[in-house]
1. With the crude spin-label approximation of a point 7 Å out along Cα→Cβ, what separation in nm comes out for V160 versus R101?
2. What number does segment 93-161 give for Rg over Rh if you use C-alpha atoms and the Kirkwood radius?
3. Within a Cβ distance under 15 Å of S71, other residues only, what is the Lys/Arg minus Asp/Glu net charge?
4. For segment 168-174, take each phi angle, set θ = phi - 60°, evaluate the Karplus expression 6.51 cos²θ - 1.76 cosθ + 1.60, and give the result in whole Hz per residue in order, putting x for glycine and proline.
5. Could you tell me the calculated FRET efficiency between A73 and H172, based on Cβ-Cβ distance and R0 = 35 angstrom, to the nearest 0.05?
6. Roughly what % of DSSP beta bridges within segment 53-179 run antiparallel, to the nearest 5?
7. Using each residue's phi in segment 71-86, evaluate 6.51 cos²θ - 1.76 cosθ + 1.60 at θ = phi - 60° and report the 3J(HN,Hα) Karplus result to the nearest Hz, with x for Gly and Pro.
8. Using 0.36 nm per residue, how much length does the chain from E66 to A123 gain when fully extended, once their Cα-Cα distance is taken away?
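Throughout, read-outs are computed from the coordinates displayed, never taken from laboratory work. Keep in mind the model is a prediction, meaning the values are calculated, not measured. Cβ coordinates were reconstructed from backbone atoms using ideal geometry, including for glycine residues, and neighbour counts include every protein chain displayed.
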Amino acid sequence: MDVGDFLSCRSERLPSAKHKPPSRSGQPYDPEKPLPCCAMPQPQAPAIRPASGLGDCRTQRNLSEEGRAQSRAIGDRFRANGISSAAVYSSQWCRCLDTARLLGIGEIVPLDLLNSFFGDSSAGEERTAALLAWLRWQRFGGPAVLVTHQVNITGLTGEVPDSGEMIIVRIHEADPVQVIGHVAAPA
């Protein structure tokens, strides 16, 4: 699986009360042909201090220099495969927002549904169901990248990704999320 497989995506976003979507493409959605989406955890972010919340990056785990280099390399990989623009949704945690920015492939939409529920496993099922419902309402007209956390991706797909690994999925109207490929993090 290569990131070039995103080239066949289409977009038509439905409005959401909480999340303002980009403009609609007007292309019809065919539930028989669900389109691929990429979910990835942030690259290397060493645990050096306990997080005290979303508001202050100084209190959070942040990308290491290696993580920043991996983020840029992932963006380069997208561009090398003809993807210079994508819908990029990110967790509101600083390390995810930094990853999304360093990809350099599109405007970042912070999305609370992508925030980690690590430390509150009781919220996992409800948060995953809400994210899946939101994804099912989206009509991506091009590549869609979700920068989130391992626990969120595992909840959504059942897969445990490495830091910076991309998991390519199809979101079906009613069926479970279908994992259609993996793209390893750059070395």
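1. In this crude spin-label approximation the distance works out to 3.2 nm.
2. 0.95
3. +1
4. Calculated HN-Hα couplings, in order: 9, 10, 10, 9, 9, 4, 10 Hz.
5. 0.70
6. The antiparallel fraction comes to roughly 20 percent.
7. Running phi through 6.51 cos²θ - 1.76 cosθ + 1.60 with θ = phi - 60° gives 4, 4, 5, 5, x, 4, 5, 4, 4, 5, 9, x, 10, 9, 9, 8 Hz.
8. Between E66 and A123, full extension yields an extra 17.4 nm.
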